[in-house]
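The values are calculated or read from the model by the stated rules, or taken from the named source; none is laboratory data. None of these values were measured; they are calculated from a predicted model. All Cβ positions, glycine included, derive from the backbone under ideal geometry; neighbour counts span all protein chains shown.
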Amino acid sequence: MSKLRAAARSGRGLQQGAGDVRKSPRRCRENVSSHKDVLPPVSAQQSAYHLFSHPAEIEAFRKNLLAWYDKCKRDLPWRKLAASESDTNRRAYAVWVSEIMLQQTQVATVIDFYNRWMQKWPTLQALAKASLEDVNELWAGLGYYSRGKRLQEAAQKVVSERAGQMPGTAEELQKLLPGVGRYTAGAIASISYGQVTGVVDGNVIRVLCRVRCIGADSSSPAVGNRLWDLANALVDPARPGDFNQAMMELGATVCTPRAPLCMECPVKHHCRASCRVEKELEFASRRLLGQAASSFPQAPDLEECAAAATGICSLCPPATEPWDSSLGVANFPRRAAKKQPRAERTATCVLERRGHRREPEYLIVQRPSSGLLAGLWEFPSLPWGPEQKEKQQTEALLGHVQAWAGEAVARGCLRYVGEVGHVFSHIHQTYVVYSLLLGGDPEMASGGRDKELERPAFRWVTQAEFQKSAVSTAMKKVWKVFEQQSCEGRGPGKGCKRKRGADPLHAGQLKVEADCSRPLRQLSLEAFLKAPTGE
């Protein structure tokens, strides 16, 4: 039996040296010699099988990973800025913006937003002077809108409280900046300042869990702490920023959640999950070749945690979740089942009027400054109560719209457009979309009683202004459905000439039926001669 298994059975683990990675000094050059390639003592419930057995293995892991990164890393704008910017303060800001944008968002989506952001606000000082409205407008479509707000608030705090100087360590970054957690602080500090500190995000969790066969719930505090210990022990003291980016790059491009590219992995020889898959395949192939049972053991000789069978090791998967050979290395990591998003319905009305130049304008209302989609703009909307029937909801929406219209609106004027689905992180939202076309004086529409009512901020915008406003992706979906309905009847290959956009007060352009339910459209000669449907 190997020394490693013996140590695991007896509860002994590798001991940490005198230095503590988590308390390392700020600069890389100051702490290269003090960095230790070992981990804190293993608890009685954690086997040493899940650690790295020797400093030489850690060194080989770093060397292989960094060589691969230097050759295969993606060309990303924030990496260019981090590599070319000599001013550490500006470099930290550039990295910070990228890390906030990349939270829960794919790299391909972020690139364009990042380039436009850095072009508009290249420094902390520039961002601190921007309005929240401008920030929301640029962020619109990126999702998780509170990130942009916190980024601006943190920039203002750095300018007002620290004279524009970014905090220089992970500990200070996490303590002083709103919206900056342990991972983001570690990424900024290691990439911008060379602080020898690891990072743990979703990609790094996946790599570490597979490399060391950690099958327990990775979202649990105990497992999370062990992953941070591993990351801090592995980080290269000479190139901490590059190493952390290499770990994330490996998880994003090679060690993917499904169908990982194990044959292309630069650290596959250090991966216990990969080793297990290879041995299982070898065992299966020997059986297929019909070798005698006496020529090999009844079970594959796999490297496994010696404490796993007893259920003592808190880093191993529970006995109720055995290894699934069909998944291979994708057995790791294992997470608790996600809570399903709750279903909600909201009634939304696209309220339209003719502007002073007879151009169509649409009412948008600003959401509260806190909560979901804080500070963004939307069409007038009302939550659809779980017990409300459709008739009750339309009546409630009509009353809500009535206050904005500034004139009496018949029930038949409210037209049903369709439904739009949008999934937020915790809500599956359905927007039931209606439209309402006002035909009165623009001065009357939502203008007669503004001073008497306490309303959120609102404004009338053209189609082009709507597209440039800080509206959510969900509202853009609502607009698309509304626009598609307005363009019904156009011929193939023709542009949308919206009859609804014409002046309802001028004969020959748009007429409204007596009940206001649907505008009549002028028929082309081809449509006039076409036989009615159903004959």
Q) Can you find a residue in the stretch 373-391 that is in contact (Cβ under 8 Å) with a residue 24 or more places away in the chain, more than 15 Å from Leu437 (Cα to Cα) and assigned to a helix (DSSP H, G or I)? A) no
**Q.** Selected residue (criterion: farthest from Pro178 (Cα to Cα)) from residues of the stretch 110-125 that are of a type in the set (A, V, I, L, M, F, W, C) and part of a helix (DSSP H, G or I)
**A.** Ile111
Q) Among the residues of the stretch 253-266, how many are within 17 Å of Gly202 (Cα to Cα) and crowded, with 17+ Cβ neighbours inside 10 Å? A) 3
Q: For the stretch 290-304, indicate whether the set of residues that are surrounded by 20 or more Cβ atoms within 10 Å (Cβ to Cβ), among the aliphatic types (A, V, I, L, M) and either under 30 Å from the mean Cα position of the chain (by Cα) or modelled with pLDDT under 90 (or both) is non-empty.
A: no
Q: Would you mention how many residues in the stretch 484-505 are at pLDDT 55 or above, surrounded by 13 or more Cβ atoms within 10 Å (Cβ to Cβ) and either in contact with a strand residue (DSSP E or B) (Cβ under 9 Å, 6 or more places away or on another chain) or under 16 Å from Pro380 (Cα atoms) (or both)?
A: 2
Q: For the stretch 442-478, name all the residues that are modelled with pLDDT of 90 or more, of a type in the set (Lys, Arg) and under 22 Å from Ser369 (Cβ atoms).
A: Lys476
(Q) I'd like to verify a number: residues in the stretch 65-109 that are within 30 Å of His270 (Cα to Cα), among the β-branched types (Val, Ile, Thr) and either over 19 Å from the mean Cα position of the chain (by Cα) or assigned to a loop (DSSP other than H, G, I, E, B) (or both), how many? (A) 1
Q: Go through the stretch 233-278 and give me each residue that's over 19 Å from Arg79 (Cβ atoms) and not in a helix (DSSP H, G or I).
A: Pro237, Cys255, Thr256, Pro257, Arg258, Ala259, Pro260, Leu261, Cys265, Val267, Cys271
Q) Going by the conditions given, is Ile58 part of a helix (DSSP H, G or I) and touching a Pro at 6+ places or on another chain (Cβ under 8 Å)? A) no
Q: Mind listing whichever residues of the stretch 343-369 are in contact (Cβ under 8 Å) with a residue 24 or more places away in the chain and part of a loop (DSSP other than H, G, I, E, B)?
A: Gly355, His356, Arg358, Glu359, Arg367, Pro368
